[in-house]
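Student: Take this structure, written in C-alpha cells, and hold onto it; I'll ask about it next.
The values are calculated or read from the model by the stated rules, or taken from the named source; none is laboratory data. Owing to the predicted nature of the structure, the values given are computational and were not obtained by experimental measurement. Cβ atoms come from the backbone with ideal geometry, glycine included; neighbour counts cover every protein chain shown. The area values use the complete protein model at the heavy-atom level, side chains included, leaving out ligands, DNA and RNA. Shrake-Rupley method; radii C 1.70, N 1.55, O 1.52, S 1.80 Å.
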Amino acid sequence: MSIDTSEQGTAAAGMSTAPQPESGDPLQQPRLGLRGWLRWTWRQLTSMRVALLLLLLLSVAAIPGSLIPQRGGSNPLKVDGYFRQHPGRAEWMDKLQLFDVYSSWWFSATYLLLFISLVGCIVPRTWAHAKALRTRPPAAPRRMDRLPVYATWETDADPETVLAAARGQLKKRRFRLTPTDDQVAGEKGYARETGNLVFHTALIGVLVAVLMGSLLKGSGSTLLVEKSGGGFANVLAQYDDFNSGPWFDTTDMEKFGFKVDSITQRFERLGTQRGAARDYKAEVTYWQGANGTDKHGTIKVNEPLEIGGTKVYLTNTGYAPVVTVKDARGKVAFKGPVVFIQQDTNRTGTGVIKVPDVSPGLEQLGFSGIFTPSTAITPGRGPHSTFPSLDFPALFLTAYVGDLGVDSGIPQSIYKLKTDKMRQLTENGKPWAASMLPGETLALPDNQGSITFDGVSQWGQFQVSKEPGKGLALYSVIAAIAGLVLSLFVRRRRMWVRAVQGADGRTVVEVAGLSRTEGGGLAQEVQALADDLRASAPVASSGGTGKGADLNKRDED
Amino acid sequence: MLLSAETVDAVNENLAHLSNWCMYSAIAVYVLAFFAYCAEWVFGGRSRVAQQSAALVAEPAAEAGAPAAVAPAATIAAAFGGVAVATRPVATETRTGGGDADGVDAGRPVVVVRGGGHDADAADDRGDVTNGDERSDRFGRIAVGLTVVGFLLHAGTLFARGFAVKRAPWGNMYEFSTSVALMAVAAFLVLMTRRPVRWLGLFILLPVITTLGVAVTVLYTDTQQLVPALHSYWLWIHVSTAIVSFGAFHIGALASVLFLVKERYEQRMASEDKPARRWDTMMERLPASVSLDKTAYRVNALIFPLWTFAVVAGAIWAEVAWGRYWGWDPKETWSFITWVVYAGYLHARATGGWKGRNAAYLSLAAFGCFLFNYYGVNIFVNGLHSYSGV
C-alpha cells in the first residue's frame with residue numbers, strides 16, 4: 001500500500017486529533033520511529049478513506065475472474081483451451097494468477113487488508129458504543145434556540161409539571177433520558193450503531209465461514225445406472241473424481257450409501273425449445289452408518305438429498321443400453337447396462353462395450369457404437385437422434401476381437417476402446433456393422449458369438465458434496481442483513497425539554513431536537529412532542545406565541 | 001420408463017397474445033406520457049413572465065412549496081385544529097410563523113427548523129418544474145395519469161404472461177427486462193405518493209421506454225416453459241428481489257446524474273460572471289443538488305438491504321441447485337462487484353473528500369455494474385446463468 005505524501009496530511013488530519021506538523025518544512029518534522037511508523041500504518045489502514053479504497057480495489061480485482069476462464073470455475077477445461085489458443089499470453093497471465101483470481105495473492109491480500117481494516121474499525125467503535133450505551137444523554141446547550149429544530153412557549157403550569165410530562169412523553173417514545181432539575185435530555189436510535197457493528201462483525205463471520213468451507217470441503221461425482229449393482233458407498237475409491245480442501249480427511253468420510261431405483265426424464269416437445277430438458281429426477285434408496293436401515297429418497301434438480309452433513313445432487317442423466325454378449329462357446333460373457341455419453345442435445349450417445357471375461361482360450365471382445373433414443377438415419381449423416389426421449393431407440397455397433405488391454409494393470413477409460421491390439425470384425429470384406437432394436441439378437445461374424453440388445457436403462461450422474469461452514473455463513477448473512485437494516489433505517493436523535501421560571505413568573509418551555517444521523521422527520525417529531533406537551537403545559541393566553549414571534553424577529557435583525 | 005412421451009403443458013395462446021397487446025399499448029402510453037412530461041417542462045420554462053410576477057407577489061405556490069420534511073407536521077397540526085409550522089431557511093429568510101399570520105391556532109407553539117442540518121430545507125427542495133404555469137401543471141397531471149395507465153397495461157403484460165405459462169413471469173431476458181421496467185415505474189409512483197417527485201417523471205420514462213423497446217425488439221421470446229434448473233420457489237424469491245432492486249436503483253442512478261448536472265449548474269451560478277448555458281431554464285427548475293443527492297441516497301440505501309438479500313437468496317439457491325453457495329460464476333462475481341460498489345457509495349457519503357460528486361460517481365458506477373451484470377454477463381459472458389432465451 002503506498003499512499004502519496006500529499007494525502008498523508010489530509011488523511012491524518014481527518015482521522016486523528018494529534019497536532020498537525022507544520023507543512024512545507026519537512027526538516028522540522030519529528031522523526032518517526034518504528035513504532036511511529038507502525039502506528040501511522042495502522043491509523044491509515046483503519047481509516048475510512050483507506051477502507052473505501054480497499055473496497056473499490058476489491059471490486060476491481062474481482063473483475064478479471066469473470067472475463068478470463070478460471071481453474072476453479074464452472075468450466076476449468078476452458079483454461080486449457082485458452083492455453084492452446086494463446087500459449088505465450090497465457091503463460092504470463094498464469095504467472096499473474098489470472099486463471100486463479102479468487103485464490104491469487106493479490107485478491108487475497110486485498111480482502112485480508114480490508115478485513116484487518118474492518119477489525120481495526122469495529123473494535124474501537126464497539127468500545128465506544130458500549131460506553132455510549134452506559135452513559136446518559138448530555139444536557140441541553142445553554143442556547144437551545146441554536147439547535148436545528150426548536151420550539152418555545154410560555155405556560156402557567158409550573159416547571160415540575162412540565163418536566164414530569166416531558167419525561168412521560170419521551171419515555172413513551174422510548175427515549176433514553178437524563179432528567180435534571182430544569183430539563184429533560186433524551187436520546188434515541190442507539191440501534192443504528194448496534195446494527196452497524198452487527199453488520200460489520202457478521203461480515204467477518206461470512207469470511208470465516210467461506211475460509212472454513214474451502215479448507216474442509218470435499219466434493220466428488222459418481223455415475224450410477226438405475227436398478228443395477230450395489231449402488232454407491234461413500235468411500236474415496238467409489239468416486240469417479242473427487243476434489244477436497246487441504247483439511248478434508250479422505251480416510252474418515254461420512255458413512256452412507258445409496259442406490260438408484262429409477263430415473264425419469266422429461267423433455268419439451270413443442271415450440272422453439274423442443275428437446276430442452278423440462279424435468280428430471282432420481283428415486284433412490286439410501287442408508288446411513290455401517291448397517292443403517294434403508295430409506296427412500298428423491299433427488300431432483302434444485303432438490304438435493306441430504307444424508308447427514310452431506311448433500312447428493314443429480315447433475316446429469318443419460319441412457320445405458322442393456323446388452324448380453326455370448327462368446328463363441330455360448331457362455332454369457334457380459335450382461336448389463338453400458339453407459340453411453342450423449343454427444344448432442346438430442347442425446348445421440350457414444351459408448352463402448354468391453355467383454356474381457358470370455359471363455360478360456362478365446363479372444364476378448366470389444367464393441368464401439370452409437371445409441372440413439374429417437375432414431376433417424378439420413379444419408380450423409382449416419383444414425384442420429386431427433387429427440388432426447390426414448391421414442392425409437394436403436395443401437396449401432398461395430399465389433400473387435402483381440403486384447404482389450406484391461407489386464408495390463410494400466411487404468412483405461414471405460415468410454416474408449418483401445419484397438420491397437422484388436423482387429424475389427426468384417427463381413428464380406430467390409431467392417432461388420434449392426435443396427436439393433438431392443439430385443440434383437442445378432443450373431444457376430446466368424447462365429448465369434450452373439451450380442452443381444454435387451455433394453456435401455458438410464459443413468460444419473462450424482463455430485464456428493466460436504467461443505468462445512470454453510471450454517472455459519474447463513475446465520476452470518478442473516479445477522480448482516482438485520483444489522484444493515486437497523487444501521488440504515490434507524491435515526492439517532494436527541495431531544496431536550498427545558499422548563500424554567502421566567503422573569504414574569506410564567507414558565508418558559510423550550511423543546512429542541514438534533515439529528516445525529518441522516519434522515520428527516522425531526523421537525524415532525526418535535527412538533528408532535530410540543531403538541532403532546534401542551535396538554536400539561538398549555539400556551540399562556542397572552543403573549544404565548546409572542547415569544548416565538550419575538551424569536552423570529554430577533555433572527556431577522 | 002418412457003415418461004418423455006407425456007405432453008408438455010400447453011401454452012395458452014390467447015393469454016400470450018393479450019400479453020403482447022398490453023406490451024405494445026403500454027409502450028405507446030408511456031411515449032404519450034413522456035411527451036406530456038416534455039410539455040410540462042416546456043410550458044413551465046416559457047412562463048418567465050409568470051415567474052417574475054410570482055417573485056413579486058407572495059403567491060400561494062410558495063405555501064405549497066414548504067419543505068416536505070415539515071409538510072406532515074401540517075397534517076398533524078390540522079388534526080389538532082391548526083397549522084403552526086414555521087420554516088426558515090438560513091439563506092432565504094422568507095416567512096415567520098405562517099400559522100400565526102393566518103391566526104388559525106394561537107395556542108400552538110411554533111417549531112422552527114433551521115437550514116444546514118439533515119433537516120435543512122434545501123435537502124427537501126422539490127424543484128419547480130411548472131414554474132407556477134397552469135398549462136404546464138395540467139400537462140404534468142396528464143403525464144402522471146398516463147404513466148399510471150401505462151403502468152397498469154405494463155403490469156397486465158406480465159400477469160397475462162404469468163398466467164399463460166403458469167409460472168413467475170421472469171424466466172428469460174424479455175420477461176426480466178419487462179419486469180425491471182415495471183418496477184422502475186412502480187418505484188417512481190410509490191415515491192410520488194411520499195414526496196413531490198413529479199420532476200423525475202420525464203427522466204424515469206427514458207430508461208423505461210428504452211428497456212421495453214430493447215425487450216420487444218431484441219430480447220423477445222415466445223412464451224415457454226422453464227428449464228429444470230429454474231423449477232424452484234427460489235425463482236420467486238431471488239429473481240423478484242433482484243428485479244425490484246434493479247428497478248428502484250434506476251431512480252437512484254437518475255437522481256445521481258441529475259445531482260451532478262445540477263451541482264455544476266449551481267457552481268456556475270455561484271461564480272462571479274454566471275455564464276448562461278442552453279439548458280439553464282431546465283436546470284433552475286430541478287430540485288436543489290442537496291435534495292437530489294438525498295433522493296439518490298435514500299433510494300440506494302433503502303434498496304441496498306434488499307439487493308443484499310437478493311444476492312444471499314441467490315447463494316442459497318445456488319447451494320440447492322449446484323451444490324455450492326458461491327462459485328465465482330460470472331453472474332455471482334458481478335453481483336458481488338455491484339454490491340461492493342454500492343457499499344462503497346454508502347461509505348463514501350460518510351467520508352470526507354468523497355461526499356458529493358465522488359459519491360455520485362460511485363452511485364453511477366454501481367448502477368453501471370448492475371447494467372453490465374444484466375446485459376453484459378447474460379449476452380457476452382458464458383456462465384451458469386444462461387437463461388436469457390436470446
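Student: Using the scaling law 2.2 N^0.38 Å as the reference, what is the normalised Cα Rg of segment A:412-491?
Tutor: My calculation over the Cα atoms of segment A:412-491 gives 2.58.
Student: Given all pairs of different Cα atoms, what value in angstroms does the Kirkwood hydrodynamic radius of segment B:181-228 take?
Tutor: Every distinct Cα pair counted, the radius reaches 12.5 Å.
Student: For segment A:476-516, what is Rg from Cα atoms divided by 2.2 N^0.38 Å, rounded to two decimals?
Tutor: 2.13
Student: Towards the positive end of the charge dipole of segment A:244-317, with charges on Cβ (+1 Lys, Arg; -1 Asp, Glu), say which of A:THR251, A:VAL312, A:GLY275 has the farthest Cα.
Tutor: Going by the charge dipole, the pick is A:GLY275.
Student: Over all directions, what mean area does the Cα convex hull of segment A:225-362 project, stated in square nanometres?
Tutor: For the Cα atoms of segment A:225-362, the hull's average projected area reads 12.3 nm².
Student: Could you order the peptides A:84-94, A:278-288, B:124-134 from most to least packed, using the average number of other C-beta atoms within 10 Å per residue?
Tutor: With the highest mean Cβ count within 10 Å placed first, the list reads B:124-134, A:278-288, A:84-94.
Student: How many Cβ atoms of partner chains, on average, are near each residue of B:296-308 if near means within 10 Å of its Cβ?
Tutor: Whole-number average of other-chain Cβ neighbours for B:296-308 is 3.
Student: Taking 10 °C and 1.306 mPa s as the conditions, I'd like the Stokes-Einstein D for the protein assembly as shown in µm²/s, using the Kirkwood hydrodynamic radius from alpha carbon pairs.
Tutor: For the chosen part, D equals 47 µm²/s.
Student: How big is the equivalent ellipsoid of segment A:135-197 along its three axes, where each semi-axis is √(5λ) from the Cα gyration tensor, reported in whole Å from largest to smallest?
Tutor: Calculated on Cα positions only, the semi-axes equal 24, 15, 11 Å.
Student: Quick one: compute a quarter of the convex hull surface over the Cα atoms of segment A:355-438 and quote it in nm².
Tutor: Hull-based average projected area comes out at 7.5 nm².
Student: Within a 10 angstrom radius of each residue's Cβ in A:268-277, how many Cβ atoms of other chains show up on average? Whole number is fine.
Tutor: 5
Student: Percent of accessible area on the protein assembly as shown owned by carbon and sulfur, 1.4 Å probe?
Tutor: Summing carbon and sulfur atoms, their accessible area is 60 percent of the total for the protein assembly as shown.
Student: How large is the Rg to Rh ratio of segment B:150-278 when both quantities use alpha carbon positions and Rh follows Kirkwood?
Tutor: 1.12
Student: What's the FRET efficiency of A:ALA503 with A:ALA139 using the Cβ-Cβ distance as r and R₀ = 25 Å, to the nearest 0.05?
Tutor: 0.65
Student: Please compute the Kirkwood hydrodynamic radius over segment A:284-426, one decimal place, Å, based on all pairs of different Cα atoms.
Tutor: 17.8 Å
Student: Can I ask one more? Determine ³J(HN,Hα), in whole Hz, for all residues of segment A:445-450 in sequence, where each value follows from phi through the Karplus function 6.51 cos²θ - 1.76 cosθ + 1.60 and θ = phi - 60°; x replaces Gly and Pro.
Tutor: x, 6, 6, 7, x, 8
Student: Right, here's the next one. With no solvent and one point per C-alpha, what does the Debye sum give as log10 I(q)/I(0) for segment B:226-334 at q = 0.16, 0.21 Å⁻¹?
Tutor: These q points yield log10 I(q)/I(0) values of -0.77, -1.04.
Student: I've got another one for you. About the Cα centre, and with charges only on the beta carbon of Lys, Arg (+1) and Asp, Glu (-1), how big is the dipole of the protein assembly as shown? Nearest 20 debye, please.
Tutor: 920 debye
Student: If Lys and Arg each add +1 and Asp and Glu each add -1, what is the summed charge of the other residues whose beta carbon sits under 15 Å from the beta carbon of A:PRO64?
Tutor: Result for the local shell: 0.
Student: Could you tell me the distance between the Cα centroids of segment A:200-229 and segment A:118-187, to the nearest Å?
Tutor: 51 Å
Student: Related question: If you take each beta carbon of peptide B:349-358 and count the beta carbons of other chains within 10 angstrom, what is the mean?
Tutor: Average per residue, whole number: 3.
Student: For segment A:100-143, what log10 I(q)/I(0) values come out of the Debye formula at q = 0.21, 0.27 1/Å, with one point per alpha carbon and no solvent?
Tutor: At q = 0.21, 0.27 Å⁻¹ the computed log10 ratios are -0.75, -0.89.
Student: Lysines near B:LYS262 by alpha-carbon distance under 19 Å, same-chain residues fewer than 8 away left out - which ones?
Tutor: Excluding near neighbours in sequence, the set is B:LYS274, B:LYS294, B:LYS355.
Student: Here is a further query. Using 31 Å as the Cα-Cα cut-off, could you pick out the over-long pairs in A:LYS418/A:LYS466; A:LYS300/A:LYS421; A:LYS259/A:LYS335; A:LYS255/A:LYS281; A:LYS255/A:LYS331; A:LYS259/A:LYS430?
Tutor: A:LYS418/A:LYS466; A:LYS300/A:LYS421; A:LYS255/A:LYS331; A:LYS259/A:LYS430
Student: For A:LYS131, go through the lysines and keep the ones whose alpha-carbon is under 20 Å away, minus same-chain ones fewer than eight residues off.
Tutor: Within reach: A:LYS188.
Student: Right, another one. What do you get for Rg/Rh over segment A:128-273 if you use C-alpha atoms and the Kirkwood form of Rh?
Tutor: When Rh is taken as the Kirkwood radius, the ratio is 1.43.
Student: I need the Kirkwood Rh of segment A:241-294: take the reciprocal of the average 1/r across all distinct C-alpha pairs and report it in angstrom.
Tutor: Kirkwood hydrodynamic radius for segment A:241-294: 14.8 Å.
Student: Right, another one. Around B:TYR342, with a cut-off of 14 angstrom between Cβ atoms, what is the net charge of the other residues, counting Lys and Arg +1 and Asp and Glu -1?
Tutor: Every neighbour counted, the sum reads +2.
Student: Over the protein assembly as shown, give the accessible area per residue in Å² for a 1.4 Å probe, as an integer.
Tutor: Heavy-atom accessible area per residue stands at 46 Å².
Student: Then there is this: Mind ordering A:95-105, B:358-368 by average Cβ neighbours within 10 Å, highest first?
Tutor: Ranking the peptides A:95-105, B:358-368 by packing returns B:358-368, A:95-105.
Student: Continuing with this model, one more query. Using the Karplus curve 6.51 cos²θ - 1.76 cosθ + 1.60 with θ = phi - 60°, what ³J(HN,Hα) values do you get for each residue of segment A:527-533, in whole Hz, with x for Gly and Pro?
Tutor: 4, 5, 5, 4, 5, 5, 5
Student: Might you report the magnitude of the Cβ-based charge dipole of segment A:52-103 about its Cα centre, with Lys and Arg at +1 and Asp and Glu at -1, to the nearest 20 debye?
Tutor: Dipole about the Cα centre, nearest 20: 80 debye.
Student: Separate question: List, in order, the whole-Hz ³J(HN,Hα) value for each residue of segment A:208-221 obtained from phi through the Karplus relation with A = 6.51, B = -1.76, C = 1.60 and θ = phi - 60°; use x for Gly and Pro.
Tutor: These are the phi-based 3J(HN,Hα) values: 4, 4, 5, 5, 4, x, 6, 7, 10, 7, x, 8, x, 10 Hz.
Student: Given the Cα atoms of chain A, and with Rh set as the inverse mean 1/r over their pairs in the Kirkwood sense, what is Rg to Rh to two decimals?
Tutor: 1.22
Student: Relative contact order of segment A:365-490: what whole-number percent is it, with Cα pairs under 8 angstrom and at least 6 residues apart?
Tutor: After rounding, I find 17 percent.
Student: Something else about it: So what is the orientation-averaged projected area of segment A:73-184, using the convex hull of its C-alpha atoms, in nm²?
Tutor: 14.1 nm²
Student: As a test of the definition: with a 1.4 Å probe, what buried accessible area, both sides summed, do you compute for B against A, in Å² to the nearest 100?
Tutor: So the total buried area for this chain pair works out to about 7300 Å².
Student: Take the alpha-carbon centre of segment B:253-286, take the same for segment A:361-427, and report the distance between them in whole Å.
Tutor: Distance between centres, Cα-based: 75 Å.
Student: Next question, about the same structure. Obtain the nm distance between the two label points defined at A:LEU96 and A:SER228 by a simple spin-label model: each point lies 7 Å from its Cα along the Cα-to-C-beta direction.
Tutor: 4.9 nm
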